[in-house]
1. Quickly estimate the mean residue ellipticity at 222 nm for the chain, helices only: each DSSP H run with n ≥ 4 gives -39500 (n - 2.57), and the total goes over all residues, rounded to 500.
2. How much length would be gained if the chain were fully extended between E251 and A78, taking 0.36 nm per residue of separation minus their Cα-Cα distance, in nm to one decimal?
3. With a point put 7 Å past each Cα toward its Cβ, work out how far E127 is from H244 in nm, to one decimal.
4. If you count, for each residue, the other Cβ atoms within 10 Å and average over each peptide, how do 17-27, 119-129, 262-272 line up from highest to lowest?
5. If you rank T281, T66, T152, T235 by fewest surrounding Cβ atoms within 10 Å, what's the result?
6. If Lys and Arg each add +1 and Asp and Glu each add -1, what is the summed charge of the other residues whose beta carbon sits under 14 Å from the beta carbon of L124?
7. Lys and Arg at +1, Asp and Glu at -1: add these up for the other residues within a Cβ distance under 9 Å of I70 and post the number.
8. Among 179-191, 211-223, how do they line up from the highest to the lowest mean number of other beta-carbon atoms within 10 Å?
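Taken together, the values in this text are just the output of simple stated rules run on the coordinates, not laboratory data. Predicted, not measured: the structure shown is a model, and the values here were computed from it. Methodologically, a virtual Cβ is constructed for each residue, glycine included, from the backbone with ideal geometry; neighbour enumeration extends over all protein chains shown.
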Amino acid sequence: DEVLTAGADEVERAAEAALRPRRLEDFVGQEVVREQLSLVLDAARARGTAPDHVLLSGPPGLGKTTLAMIIANEAEGALRLTSGPAIQHAGDLAAILSSVQERDVLFIDEIHRLARPAEEMLYLAMEDFRVDVVVGKGPGATAIPLTLPRFTVVGATTRAGLLPAPLRDRFGFTGHLEFYSPAELEQVLHRSARLLGAPLDPEAARELASRSRGTPRIANRLLRRVQDWAQVRGTGALDLEATHGALRVFEVDGLGLDRLDRAVLRALCERFGGGPVGLTTLAVAVGEEPETVETVAEPFLVREGLVARTPRGRVATAAAYDHLGLARPDDGAL
Ligand code: ADP
């Protein structure tokens with residue numbers, strides 16, 4: 001089962017890689033972050049140095065990895081990919097750091113999950129371009145200081161607030177990625193369809209864009225499911241019929257909410273009387289990690305005005321009851 005899942009992930013990753021924009025001009029939307037980045041990249045180019053370290057924050061699928069790749073392209077360096085959870089020991093990070101080359105971009109996904117010793121090593125590497133490599137064990141161990149070439153760290157986090165201030169301060173700037181508007185997602189979809197060699201009907205694009213949770217990754221994924229539907233059950237054309245067919249099969253609702261989103265909403269309304277309820281309790285109720293609920297489901301539910309975050313916990317709004325087709329509680333709680 002595990003092998004099969006890994007296989008499916010591999011296919012998804014490959015499909016995703018094929019649709020990634022490679023230049024800043026091809027990156028749709030996110031005007032603020034794009035302008036910030038283009039300034040930093042142009043300045044670095046003019047000075048002939050590696051760009052400053054960049055932190056990117058925002059929910060999954062909004063383009064953080066893609067931007068890291070674009071930065072590496074523009075800096076004419078190689079991209080090295082790793083993630084906070086993948087670095088178990090400071091030694092793992094030391095090994096990566098001791099092999100970076102001038103102008104390389106080191107992308108650290110989920111950087112807020114780095115272990116403390118690795119985090120401290122990273123401070124030094126980012127600030128002084130230095131790393132202490134420990135050789136040997138126990139009392140005989142010695143730290144050999146190693147000077148690193150100028151390179152760029154691109155950190156990605158689903159919540160910049162989770163990052164300790166000293167680490168956050170080492171970045172030249174933080175780009176906050178926002179959910180995409182339906183019009184921007186339409187652009188993403190048309191571009192992707194072009195790359196897939198399958199023209200997408202304008203009304204199909206409009207419908208898909210409005211059901212993609214403001215997220216390019218989801219838009220691209222749904223597009224491939226529409227392609228599947230068109231091929232197997234439809235006429236082959238990526239039209240409105242194929243779009244509705246695929247959305248129905250994959251249980252995407254009118255707002256674009258998926259299974260997890262609806263599970264969270266349902267638990268909130270039906271099991272906890274609309275809240276307030278704490279994140280951990282809510283996560284246990286839907287069988288997910290608190291971090292998944294907080295970073296994957298919640299941001300969009302909050303943006304759509306279905307859930308509110310209060311100091312006492314998460315609360316369902318009247319719109320949440322309406323969306324689920326449930327009667328609003330009449331105790332005046334809303
Ligand atoms: P993240 O790292 O934030 O989870 P990714 O960078 O992996 O997100 O993006 C997910 C997918 O969405 C990629 O396949 C990429 O092609 C697409 N994508 C993301 N942002 C954009 C954008 N601004 N324009 C076009 N495609 C995008």
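1. So the helix-based figure for the chain works out to -13500 deg cm²/dmol.
2. On the way: separation 173, 0.36 × 173 = 62.28 nm, distance 3.96 nm.
Separation in residues times 0.36 nm, less the Cα-Cα distance, equals 58.3 nm.
3. 6.1 nm
4. On the way: 17-27: 14.1, 119-129: 18.1, 262-272: 20.0.
In decreasing order of mean packing, 17-27, 119-129, 262-272 become 262-272, 119-129, 17-27.
5. On the way: T281 15, T66 21, T152 27, T235 10.
Least crowded to most crowded, the residues run T235, T281, T66, T152.
6. Numbers: positive: R116, R130, R170; negative: E119, E120, E127, D128, D132, D169.
Here the count lands on -3.
7. Details: positive: R20, R22, R23; negative: D26, E74.
Residues near I70 contribute +1 overall.
8. Numbers: 179-191: 19.8, 211-223: 24.2.
Sorting 179-191, 211-223 by mean packing, highest first, produces 211-223, 179-191.
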